[in-house]
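Following: one structure in structure tokens, then a few remarks.
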Amino acid sequence: MSDTWRWVTDGGLETDLIFHHGVDLPEFAAYPLLRTDDGRALLRLYYEGYARVAEQAGRGLRLESPTWRANPDWGAALDDDAFALDDVNRSAVGLMRDLACEWIDRVADTTVVGMVGPRGDGYAAGSAGSADEAAEYHAAQIAAFAHEGADEVAALTLTDTREAVGVVRAAEVAGIPAVVSFTVETDGRLPDGTPLGEAIETVDAVAAPSYFMVNCAHPQHLMPAFERSGAWVERIRGLRSNASTQTHAELDEAETLDEGDVDVLVSSHRAVEALLPALEIVGGCCGTDARHVAALWGVSG
């Protein structure tokens with residue numbers, strides 16, 4: 001654990017719930033759990049694991065809402081209209097606020113984050129036709145987070161720069177800080193082939209977010225991105241890695257959970273850490289749970 005790290009965040013919410021708790025998540029969507037007492041209790045139990053990591057590490061906790069799929073297209077697949085999605089996005093931020101208050105004596109600090117996911121599949125390129133289209137598409141969800149008092153909005157698993165720019169612009173209109181998190185393939189490039197550094201520079205040039213993160217890739221897959229280094233590496237403040245070294249295509253086809261090798265995850269993560277001078281947010285993504293994140297932080301969890 002580096003002295004510069006400030007924030008613990010969570011791991012692979014959906015894979016943890018599906019494979020460890022036997023929860024059916026149609027369309028890989030966790031947000032419907034917010035509508036029942038049992039679902040909210042399960043979410044509370046999930047986030048509790050990361051509160052424990054933050055408590056042991058003596059660091060702050062980012063509570064990122066379970067709303068990665070709570071946008072119009074994915075909502076429609078679950079028969080949720082705009083009113084239903086607005087309600088659930090507000091409810092998600094409310095739950096995160098409640099947990100932050102409940103754990104105020106245990107955790108050094110908390111940040112409540114409204115999570116946005118891509119319009120399309122998180123592993124495929126081409127989610128956005130244009131930045132303006134993406135801004136309009138994500139505006140309602142981001143506005144719901146802002147109205148409910150989220151500290152920031154974070155767009156995870158983005159696959160192209162157009163959607164990233166759109167998210168930032170929508171957040172500017174809503175008056176809430178925005179974070180952009182790209183995913184990369186095994187070659188360190190976005191799914192559309194754009195080098196990570198070029199993607200960060202492109203977004204920064206037209207609509208700079210507060211900072212960038214990278215998620216949903218094993219640290220080994222991120223390493224090739226640093227063959228072309230530059231000032232852009234200092235814009236990356238967060239890393240949420242997959243447990244598995246499999247490709248996105250292989251993970252899409254997998255019927256069982258690949259929890260990876262924790263020792264390999266940690267050692268690979270350490271190699272990436274050395275190349276990210278501004279890194280301060282560490283968590284996990286697909287296939288990880290509180291055990292993986294605890295190992296990254298060097299605590300028992």
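The values are calculated or read from the model by the stated rules, or taken from the named source; none is laboratory data. All of these numbers come straight from a predicted model, not from anything done at the bench. Methodologically, a virtual Cβ is constructed for each residue, glycine included, from the backbone with ideal geometry; neighbour enumeration extends over all protein chains shown.
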Number of positions in the range 175-206 that are surrounded by fewer than 21 Cβ atoms within 10 Å (Cβ to Cβ) and part of a helix (DSSP H, G or I): 6
query: Hey, among 146, 108, 100, 171, which residue is under 25 Å from residue 51 (Cβ atoms), in contact with a helix residue (DSSP H, G or I) (Cβ under 6 Å, 6 or more places away or on another chain) and in contact (Cβ under 8 Å) with a residue 24 or more places away in the chain?
result: 146
- prompt: Which of the residues that make up the range 145-158 are within 22 Å of residue 122 (Cα to Cα) and not aromatic (Phe, Trp, Tyr)?
  reply: 152, 153, 154, 155, 156, 157, 158
message: Tell me whether the range 208-221 contains one or more residues that are out of contact with any Asp or Glu (no Cβ under 9 Å at 6 or more places or on another chain) and part of a helix (DSSP H, G or I).
response: yes
message: If the requirement is being within 17 Å of residue 6 (Cβ to Cβ), crowded, with 21+ Cβ neighbours inside 10 Å and modelled with pLDDT of 95 or more, which of these qualifies: 100, 57?
response: 57
- prompt: In the range 179-222, what residues are small (Gly, Ala, Ser) and more than 12 Å from residue 241 (Cβ to Cβ)?
  reply: 188, 193, 197, 199, 205, 207, 208, 210
- line: The residue that is nearest to residue 289 (Cα to Cα), considering only those in the range 212-262 that are of a type in the set (Gly, Ala, Ser) and touching a Phe, Trp or Tyr at 6+ places or on another chain (Cβ under 8 Å), is 238
- request: Might you let me know whether the range 69-88 holds any residue that is modelled with pLDDT of 95 or more, more than 30 Å from residue 136 (Cβ to Cβ) and not β-branched (Val, Ile, Thr)?
  value: no
task: Being free of Cβ contacts under 8 Å to residues at least 60 places away in the same chain and either in a strand (DSSP E or B) or among the aromatic types (Phe, Trp, Tyr) (or both) is the filter here, so list the residues in the range 222-243 that pass it.
output: 226, 232, 236, 237, 239, 241
